[in-house]
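Values quoted throughout were computed directly from the atomic coordinates according to the rules given, and no laboratory measurement underlies them. Remember, it's a predicted structure, so these values are computed and weren't measured experimentally. Positions of Cβ are generated from backbone atoms using ideal geometry, with glycine treated the same way; all protein chains shown enter the neighbour counts.
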Amino acid sequence: MMTTRKVSFLLALLAAQPVLAGDPGETQALHDQHCISCHGPEIYTREDRKVTTLPGLESQVQRCELALGLTWFDEEIDAVTKLLNERFYHFAP
């Protein structure tokens, strides 16, 4: 029999699970909620953009995540990096 404490623990565990890379809606929501709070999408397409490689893009996503004080899982960083690469950057894997 599950106690209230066990149920609460399981619900907290589920809530802490990372966004799955295969869920574009959740990844888009992460991007829209956090990335766009600092800048618009024009930063990804400007002529003098500083990100020029896929590893550089991942590093930038990590820097932004840290600067905003977020606690994203590696899978969430990977998913947002993939989203940005597919939409804007088109770096080869």
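Sort Ile36, Ile43 by Cβ crowding within 10 Å, fewest neighbours at the top.
Lowest to highest Cβ neighbour count: Ile36, Ile43.
As a proxy for reagent exposure, ranking Glu86, Glu42 by other Cβ atoms within 10 Å from fewest up yields Glu42, Glu86. Counting neighbouring beta carbons within 10 Å and listing from fewest to most, the residues Lys82, Lys50 come out as Lys50, Lys82.
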